[in-house]
1. Taking helices (runs of 4 or more DSSP H) that do not extend beyond segment 142-222, which have at least 3 residues that are within 16 Å of the ligand (Cβ to nearest atom) and in the same structural domain as residue 44 (by TED's automatic domain parsing)?
2. Which members of segment 200-224 meet the condition of being of a type in the set (A, V, I, L, M) and more than 11 Å from the chain's Cα centre (by Cα)?
3. Hey, does segment 77-97 have a residue that's in a helix (DSSP H, G or I), in the same structural domain as residue 210 (by TED's automatic domain parsing) and either surrounded by fewer than 18 Cβ atoms within 10 Å (Cβ to Cβ) or within 16 Å of the ligand (Cβ to nearest atom) (or both)?
4. Hey, does segment 58-76 have a residue that's assigned by TED's automatic domain parsing to the domain that holds residue 170, surrounded by fewer than 18 Cβ atoms within 10 Å (Cβ to Cβ) and within 11 Å of the ligand (Cβ to nearest atom)?
5. Quick check on segment 338-347. Is at least one of its residues surrounded by fewer than 18 Cβ atoms within 10 Å (Cβ to Cβ) and not in a helix (DSSP H, G or I)?
6. Quick one: which of 273, 294 is closer than 25 Å to residue 312 by Cα, surrounded by fewer than 19 Cβ atoms within 10 Å (Cβ to Cβ), more than 16 Å from the ligand (Cβ to nearest atom) and not hydrophobic (A, V, I, L, M, F, W, C)?
7. Report, by residue number, each residue of segment 226-261 that is in a strand (DSSP E or B), among the basic types (Lys, Arg) and crowded, with 16+ Cβ neighbours inside 10 Å.
8. I'm checking my understanding of the structure. Among residues of segment 12-55 that are in a strand (DSSP E or B) and not β-branched (Val, Ile, Thr), which one is nearest to the ligand (Cβ to nearest atom)?
Amino acid sequence: MARVTLEKVSKLYAGNPVPAVNAIDLDIQDREFIVLVGPSGCGKSTTLRMVAGLEEISGGEIKIGERVVNAVPPKDRDIAMVFQNYALYPHMSVYKNMAFGLQLRRKELGLSRQQIHERVLEAARILGITDYLERKPKALSGGQRQRVAVGRAIVRNPKAFLFDEPLSNLDAKLRVETRAEIKKLHLRLQTTTIYVTHDQEEAMTLGDRIVVMKDGFIQQCAPPLEVYERPVNKFVAGFVGTPPMNFIKCKVEGKTLAFGGQRIGLAGQHPGKVIKYAGQEVFLGIRPESLCPKNAGKFAGTENGISAKVVVVEPLGDKVDIYLTLGDNHADYMERLLVCRADAYEFGRIKANDIITLYVDLSRVHVFEPGDNGMNVTLSQETGYATA
Ligand code: ADP
């Protein structure tokens, strides 16, 4: 087990002037489960591959444990990587697939045949694949193959596990199941883990902390709920959460945010921080569950209603997602439809073309500066969050 640290780590690929990874700092604690998440091309795989030693670094320093590994070949880094495409040997049994890497380096690793045998059996037991040990990979389901790939990582008893989108090839149900198994495995083995995914839900459910990346930069690194509740900028706010946060382009007018003939009071949102943007354009960020078709409970208030017309209602079981438009000029204020996630039993009768008022939980909204990476101006300044 080990702490893994990245200091000002960069990657420049030949022929591309824009760094794929741009001087990132990351301090991963021993036993921690860290998830790198972000849209395609943000640099997460490159980061993982640099830790693994599969990609040379262009600048900075990577440490595994207390050892600088910049020049250490992958096989000597004492890490184990699990890929999306399993990379199992098709002609070998499950047992052999798991044992092979250790057998190859048995003397170098100082292991006896018996010790390797025991490690394979123990990993198989942990993963519930003991019954398949004699099968070839082609006789296994996708989920079982992925377990063998994980088993091959476990038997090495590495300082850290690196996972590169390991669940992408599985169907939705299996993905959720396997995700829970990976979490269970981590609780049990407590091995430092770096996990790459583009799926924000996977990141939220797995990570002790999640690292949201964009364009080679770390945007925010924090526990999942903190990222959800206190996103540092508009990009992070919009990336984490489904359906995504609503952003309404507004003008700051006194202690209100005005858009399309409507206005929302600033009561719950640190008016002092927002008022200094008087006369300027900002984005009001409201999560779908911070809107409710009833002025009651935590949605009770004044100057907190938005009138909108229902376009589509999506039933989800106990909840409904209600998609709405702010009217003829909707596109002037919003890029997408406004969405409200409401209780299905109470609001299930709302239907397309209804004109309703949505009430905002003003204690949970955010205000962002303009631009894709617009800073969250409602976060308290004292937190010292980076706003790259
Ligand atoms: P992610 O894993 O977040 O999808 P990657 O780390 O794979 O992103 O890629 C980051 C950026 O580096 C992308 O712009 C990608 O096109 C570029 N890139 C990745 N691999 C190479 C390569 N071998 N050569 C040149 N550019 C690459």
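The values are calculated or read from the model by the stated rules, or taken from the named source; none is laboratory data. It should be emphasised that the depicted structure is a prediction, and the values quoted were computed from it without experimental measurement. Positions of Cβ are generated from backbone atoms using ideal geometry, with glycine treated the same way; all protein chains shown enter the neighbour counts.
1. Here the list reads 200-206.
2. Passing the criteria: only 218.
3. yes
4. Within segment 58-76, not a single residue is assigned by TED's automatic domain parsing to the domain that holds residue 170, surrounded by fewer than 18 Cβ atoms within 10 Å (Cβ to Cβ) and within 11 Å of the ligand (Cβ to nearest atom).
5. Within segment 338-347, one or more residues are surrounded by fewer than 18 Cβ atoms within 10 Å (Cβ to Cβ) and not in a helix (DSSP H, G or I).
6. Exactly one of 273, 294 is closer than 25 Å to residue 312 by Cα, surrounded by fewer than 19 Cβ atoms within 10 Å (Cβ to Cβ), more than 16 Å from the ligand (Cβ to nearest atom) and not hydrophobic (A, V, I, L, M, F, W, C), namely 294.
7. Within segment 226-261, 249 is the sole residue that qualifies.
8. The extreme case among them is 36.
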